[in-house]
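Undergrad: What follows is a single structure, and I will ask about it in a moment.
The values are calculated or read from the model by the stated rules, or taken from the named source; none is laboratory data. Since the model is a prediction, treat every value here as computed from it, not as a measurement. Here Cβ is always computed from backbone atoms with ideal geometry, including for glycine, and neighbour counts include all displayed protein chains. Quick note on the areas: whole protein, heavy atoms, side chains included, nothing else; ligands and nucleic acids left out. Shrake-Rupley method; radii C 1.70, N 1.55, O 1.52, S 1.80 Å.
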Amino acid sequence: MKYLTAAEVRKAFVEFFAERNHSHQPSASLIPHDPTLLFTVAGMVPFKGYFTGEQQPPFDRAVTVQKCVRAGGKHNDLDEIGRTSRHLTFFEMLGNFSFGDYFKADACVWAWEFVTGVLGMDPERLWVTVHHSDDEAAAIWRDQVGVPAERIQRLGEDNYWRMADVGPCGPCSEIFWDKGREYGPDGGPAQGGDERFVEVWNLVFMQFESTPEGVEVPLPKPSIDTGLGLERTVAVLQGVDSVFQTDEFVVLLDAAQRLTGAQLGESEARDVSLRILADHARSTTFLVSDGVFPSNEDRGYVLRRIIRRAVRHAYLLGVENPVMGGMVDAVTELMGEAYPDLVRNHSYVRDVIDREEQRFRQTLRIGQAILDERLEALVEGETLDGEAAFLLHDTYGFPLEVTVEIAAERGVTVNCEGFEAEMSRQQQRARSARAVADSDDLAPFVSVLSATGPTDFCGRAELTTTARVLLVHGNRVVLDRTPFYAESGGQIGDTGKLFCEATGAEAQVVDTVYVVPDLHVHCFEAISGELRAGDEVTASVDSERRAGLRRNHTATHILHWALREVLGGHVKQQGSWVGPDRLRFDFSHYEAMTPEQIEAVEDLANTEVLDNESCRHYETSMDHAKQIGAIAFFGDKYGDMVRVLEAGRHSLELCGGTHVRSLGEIGAIHITAEASIGANIRRLEAITGPDTFKVMRHQKSLLDELARSLAVPATDLVEGVAKRQNETSALRAELAELRRRIALSRAPQLAEEAVSGVVIARVDDVDREGLRDLTMSIRNIEGVRAVVLGTALESGGAALAAGAVEGSGFNAGELIAEAKKAISGGGRPAADFCVAGGADAQRLDEALDLARAAAGLKAQV
């Protein structure tokens, strides 16, 4: 076998098929024209229109070296990168194509000629697979190519190729290389080890197109699409176990080691990180060069995720300085000759990736510190709650997949469903807030911030002010000053109105958010007219809604203090959500609170409120805040200067939200729920002020209505309910006894209906106990050898009872063995007497017929 470099294999492949009248086409962009794909995932993607007949190909045959990325959507290998010997995000697919020209015979013959003749692979170590229905391909390999029949194997779906849920498809045939017995069991690709038999080439016989309805329609011209994985093939030719040991990856891994100071072989974890850097450097460099820009949507999001994953692994290697720019340099130098666009776009690509790395390193430092703190409280096998993962994502831009990956390294799972629920709630609150982190959307806001500085927030002192419009971007507006609080620290953003007296323009503010730090962005819906930059407007906050937010936000601080008093100093806030009509407070605690503890917390909190101590909310240095013992809340970001809230005599915490002036403004605090949201994390939900009285009034109304229905005073309601329950129980017992007596009175009649001494019948209006008593009563009548009774219960289920006289030759358990299955039931069998209950009363008659069959009787018609 020949030793060939990656560059030599590219060249040899193109020349081989060019000599066979294939038109050499340059690689298409990684951004496909196909709306069903995020990226170009295979060599055939640029030619899809030719295969479907939608476009007329300018040539009948083509050969390409196509750059591909599989890191999103259906084709996603991202999580495998660095941990296996063959998975990559970016790879090169060598392909030859026929558009209605040659078909299976030429494709198979040329493929074998190339791998054995040009590449010099030993034919004795090559295996071939075909689809189990493709007799034609199997015959070609055996009779025309000369592959021994024992090395041709048939497979199912693994040998049927689909680009996606819709699109071209057809049976395929694959060529595998046998690495040798030391890599796993024999048996060929079908039964042997995955590490031993390596797929080298896939020949797709494009015969159909799959429609959205799942129908496979014959293509107008059967065609050929083949894909030979360059990196895997080079690994075989160079006699190495992994694609990361091939000549081009050796260069990139050398660069990664030089930039990080880490060395291969120090540990498996560090080797994985170095391999991820090498792989991700290729995919990010090519994606940016082809026009993908990091963002929070579609392919831009996948690119951002790959960059951030590489940066995190550099961070794990202990690297404080940026490394991705240096990796871009290495990729460009290595692959620029094969892909000249890399050289032309080098400066741009390096700048984009370097800036993304710089931003994420700050995110990573803050987010990982917070995540580490949360994970320290969990042990292996436990789950991190979804709200904490969402808070990291929403407040710090810390990606969920990074949280999942870090947690997995500690043996901890993440409640992703909880994360998605939080994400959904946020999206419902403000559509515009979904896109504010998109890099393409940030530019105008960054420009305003650079030109005018932070928004002047005056909303602690006034709820209405005059302001100047600085920017209108879509349905978002920026003012030079504002009374509107932007969502942060668990408190949702203010709503209200903007009005321009000069033009009559009016807008409803539906949310207020931070797009970039310190810049308040007002998400609005137009009422009349149009707001323009330069307009002077009156900005008015919904004062009633803000009052509710202030009450509930200060209440979270009081509840935090009360929880620590009742449960202990280990209690620590783990998250919160403050709305105008309710609040949610998450805290660390190892068990469910008892009703007495909840009552004690509620009493302590309300005692503080009734004392009506003043609240002092002021700005100071972080150092001073620490000195006076202020408690920091989980998830809040703090700089050198912070805001401290002194809520009464006992609560002293950092908080930048809006708060009441004195505790009496909160009104009554009522805890409505307490539950677990994760290992050692509890959640309180509560209401305050007028909302508490609304709930109490509603509850009193329900109690009064219940008292009237029971004809007792409300003060005697408990005794009245107990009395009514006792009366009901007595009546039910009396009714059951009457039914039992009536049922027992039927015993002689049922015994007279015995066939050969066997009674099998359905009885109605009897409960399980009555059925038991009736069965035993019939069994004890002279002449009866066995009895099986069935009834439909009021609960919706069914019951069977069987009895057999000793020496009768019958076994009660065997009589209803099949019958109880029919009613989806079960029960312990016994020879003399047994009862079975089931859920399916609809099949009771069928069950009794099965019992008749077991007794040797005919089914009842």
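Undergrad: Quick one: Arg772 ticks every box in (1) open to solvent by less than 10 Å² (accessible area, probe 1.4 Å); (2) touching a residue at least 40 places away in the same chain (Cβ under 8 Å); (3) not β-branched (Val, Ile, Thr) bar one, so which box is it?
TA: (1)
Undergrad: OK, next. Please verify whether Lys2 is closer than 24 Å to Pro123 by Cβ, open to solvent by 50 Å² or more (accessible area, probe 1.4 Å) and part of a loop (DSSP other than H, G, I, E, B), treating the condition exactly as stated.
TA: yes
Undergrad: Then there is this: What is the residue count in the stretch 809-821 for residues that are within 19 Å of Glu794 (Cα to Cα) and surrounded by fewer than 22 Cβ atoms within 10 Å (Cβ to Cβ)?
TA: Selection size over the stretch 809-821: 0.
Let's see how each residue does on (1) part of a strand (DSSP E or B); (2) open to solvent by 20 Å² or more (accessible area, probe 1.4 Å):
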{"site": "Arg460", "(1), (2)": "no, yes"}
{"site": "Thr466", "(1), (2)": "yes, yes"}
{"site": "Val477", "(1), (2)": "yes, no"}
{"site": "Leu498", "(1), (2)": "yes, no"}
{"site": "Ala502", "(1), (2)": "no, yes"}
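Undergrad: Under the condition of being farther than 30 Å from Glu266 by Cα and over 25 Å from the mean Cα position of the chain (by Cα), which residue from the stretch 288-337 is most open to solvent (accessible area, probe 1.4 Å)?
TA: Glu337
Undergrad: Only residues that are over 15 Å from Phe205 (Cα atoms), in contact (Cβ under 8 Å) with a residue 40 or more places away in the chain and not in a helix (DSSP H, G or I): list them for the stretch 116-162, please.
TA: Leu119, Gly120, Met121, Asp122, Leu126, Trp127
Undergrad: Quick one: what pairs do we get from the stretch 518-533, first residue farther than 22 Å from Ala443 by Cα, second acidic (Asp, Glu) and assigned to a strand (DSSP E or B), C-beta under 9 Å, 6+ apart or different chains?
TA: Ala526/Glu506; Ile527/Glu506; Ser528/Glu506; Gly529/Glu506
Undergrad: Sticking with this structure for a sec: Quick check on my filter: what residues within the stretch 50-67 are modelled with pLDDT of 80 or more and either closer than 19 Å to Ser242 by Cβ or not hydrophobic (A, V, I, L, M, F, W, C) (or both)? So that I can check it myself, show each step before the final result.
TA: Pass one, the stretch 50-67, residues modelled with pLDDT of 80 or more: 50, 56-67.
Passing the criteria: Tyr50, Gln56, Pro57, Pro58, Asp60, Arg61, Thr64, Gln66, Lys67.
Undergrad: OK, next. Picking from Thr5, Thr40, Thr64, Thr36, which residue would you name as being among the polar types (S, T, N, Q), in contact with a strand residue (DSSP E or B) (Cβ under 6 Å, 6 or more places away or on another chain) and more than 23 Å from Ala310 (Cα to Cα)?
TA: Values: Thr5 fails: in contact with a strand residue (DSSP E or B) (Cβ under 6 Å, 6 or more places away or on another chain); Thr40 fails: more than 23 Å from Ala310 (Cα to Cα); Thr36 fails: in contact with a strand residue (DSSP E or B) (Cβ under 6 Å, 6 or more places away or on another chain).
Step by step, each of Thr5, Thr40, Thr64, Thr36 is checked, and only Thr64 is among the polar types (S, T, N, Q), in contact with a strand residue (DSSP E or B) (Cβ under 6 Å, 6 or more places away or on another chain) and more than 23 Å from Ala310 (Cα to Cα).
Undergrad: If you take the residues of the stretch 176-194 that are touching a residue at least 40 places away in the same chain (Cβ under 8 Å), under 24 Å from Gly95 (Cα atoms) and within 36 Å of the chain's Cα centre (by Cα), which of them is surrounded by the most Cβ atoms within 10 Å (Cβ to Cβ)?
TA: It comes out as Pro189.
Undergrad: With hydroxyl-bearing (Ser, Thr, Tyr), free of Cβ contacts under 8 Å to residues at least 60 places away in the same chain and open to solvent by 10 Å² or more (accessible area, probe 1.4 Å) as the only criterion, which of Ser267, Ser242 stands out?
TA: Ser267
Undergrad: So Glu157 clears everything in (1) closer than 26 Å to Leu237 by Cα; (2) open to solvent by 60 Å² or more (accessible area, probe 1.4 Å) except one condition, right? Which one?
TA: So the condition that Glu157 fails would be (1).
Undergrad: Collect the residues in the stretch 195-211 that are among the polar types (S, T, N, Q) and either part of a strand (DSSP E or B) or crowded, with 22+ Cβ neighbours inside 10 Å (or both), keeping them in residue-number order. Even if it seems obvious, please write down each step before you answer.
TA: Step one: list which residues in the stretch 195-211 are among the polar types (S, T, N, Q), which gives 202, 207, 210-211.
Matches in the stretch 195-211: Asn202, Gln207, Ser210.
Every residue, every condition in (1) over 27 Å from Glu544 (Cβ atoms); (2) at pLDDT 95 or above, yes or no:
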site	(1), (2)
Asp440	yes, no
Gly474	yes, no
Thr482	no, yes
Gly489	no, no
Asp494	no, yes
Gln508	no, yes
Thr512	no, yes
His522	no, yes
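Undergrad: Among the residues of the stretch 825-852, what is the count of those that are part of a loop (DSSP other than H, G, I, E, B), open to solvent by 80 Å² or more (accessible area, probe 1.4 Å) and in contact with a strand residue (DSSP E or B) (Cβ under 8 Å, 6 or more places away or on another chain)?
TA: Step one: of the stretch 825-852, the residues part of a loop (DSSP other than H, G, I, E, B) are 827-832, 839-840.
Those left that are additionally open to solvent by 80 Å² or more (accessible area, probe 1.4 Å): 828-829, 832.
Still in the list and also in contact with a strand residue (DSSP E or B) (Cβ under 8 Å, 6 or more places away or on another chain): 828, 832.
So the count comes out to 2.
Undergrad: For the stretch 794-803, which residues satisfy the criterion of being assigned to a loop (DSSP other than H, G, I, E, B) and either buried (at least 24 other Cβ atoms within 10 Å of the Cβ) or without any contact (Cβ under 8 Å) to a residue 12 or more places away in the chain (or both)?
TA: If the condition is that a residue be assigned to a loop (DSSP other than H, G, I, E, B) and either buried (at least 24 other Cβ atoms within 10 Å of the Cβ) or without any contact (Cβ under 8 Å) to a residue 12 or more places away in the chain (or both), then Ser795 is the only one that fits.
Undergrad: Does Ala786 count as buried (at least 21 other Cβ atoms within 10 Å of the Cβ), in contact (Cβ under 8 Å) with a residue 60 or more places away in the chain and over 50 Å from the mean Cα position of the chain (by Cα)? Reasoning before the result, please.
TA: Numbers: buried (at least 21 other Cβ atoms within 10 Å of the Cβ): yes; in contact (Cβ under 8 Å) with a residue 60 or more places away in the chain: yes; over 50 Å from the mean Cα position of the chain (by Cα): yes.
Criteria met by Ala786.
Undergrad: Also, quick follow-up: When you look at Glu806, is it surrounded by fewer than 17 Cβ atoms within 10 Å (Cβ to Cβ) and either of a type in the set (Ser, Thr, Tyr) or farther than 15 Å from Glu846 by Cβ (or both), yes or no?
TA: On the way: surrounded by fewer than 17 Cβ atoms within 10 Å (Cβ to Cβ): yes; either of a type in the set (Ser, Thr, Tyr) or farther than 15 Å from Glu846 by Cβ (or both): yes.
Here the answer is yes, as Glu806 does meet what is asked.
Undergrad: Turning to a different aspect of this structure: Quick check on the stretch 670-685. Is at least one of its residues in contact with a Ser or Thr (Cβ under 6 Å, 6 or more places away or on another chain), under 30 Å from Gly459 (Cβ atoms) and surrounded by 12 or more Cβ atoms within 10 Å (Cβ to Cβ)?
TA: Yes, there is a match, as at least one residue in the stretch 670-685 is in contact with a Ser or Thr (Cβ under 6 Å, 6 or more places away or on another chain), under 30 Å from Gly459 (Cβ atoms) and surrounded by 12 or more Cβ atoms within 10 Å (Cβ to Cβ).
Undergrad: Between a residue in the stretch 10-22 that is on the phi > 0 side of the Ramachandran plot and modelled with pLDDT of 95 or more and any residue that is of a type outside the set (Asp, Glu) and open to solvent by less than 80 Å² (accessible area, probe 1.4 Å), which pairs come within a Cβ distance under 6 Å, given they are 6 or more apart or on different chains?
TA: From the stretch 10-22, the pairs are Asn21/Arg61.
Undergrad: Out of Asp351, Asp341, Asp385, I need the residue that is buried (at least 22 other Cβ atoms within 10 Å of the Cβ), in contact with a helix residue (DSSP H, G or I) (Cβ under 9 Å, 6 or more places away or on another chain) and farther than 24 Å from Arg270 by Cα. Which one?
TA: Of Asp351, Asp341, Asp385, the one residue that is buried (at least 22 other Cβ atoms within 10 Å of the Cβ), in contact with a helix residue (DSSP H, G or I) (Cβ under 9 Å, 6 or more places away or on another chain) and farther than 24 Å from Arg270 by Cα is Asp385.
Undergrad: Please go through the stretch 202-229 and pick out each residue that is out of contact with any helix residue (DSSP H, G or I) (no Cβ under 6 Å at 6 or more places or on another chain) and within 30 Å of Met121 (Cβ to Cβ).
TA: Result: Asn202, Val204, Gln207, Pro222, Asp225, Thr226, Gly227, Leu228, Gly229.
Undergrad: Here is a follow-up. Say we look at the stretch 164-175 and pick out the residues that are in a loop (DSSP other than H, G, I, E, B) and out of contact with any His (no Cβ under 9 Å at 6 or more places or on another chain); which of these is most open to solvent (accessible area, probe 1.4 Å)?
TA: Only one residue fits best here, namely Asp165.
Undergrad: A further question on this structure: Restricting the stretch 689-744 to residues that are of a type in the set (Asp, Glu) and closer than 30 Å to Leu789 by Cβ, which is surrounded by the fewest Cβ atoms within 10 Å (Cβ to Cβ)?
TA: Glu734
Undergrad: Inside the stretch 410-438, can you point out the residues that are modelled with pLDDT of 65 or more, part of a helix (DSSP H, G or I) and among the hydrophobic types (A, V, I, L, M, F, W, C)?
TA: Selection gives Cys416, Phe419, Ala421, Met423.
Undergrad: For Leu652, are the conditions met, namely being under 18 Å from Leu549 (Cβ atoms), outside any loop (DSSP other than H, G, I, E, B), touching a strand residue (DSSP E or B) at 6+ places or on another chain (Cβ under 7 Å) and not polar (S, T, N, Q)?
TA: In short, no.
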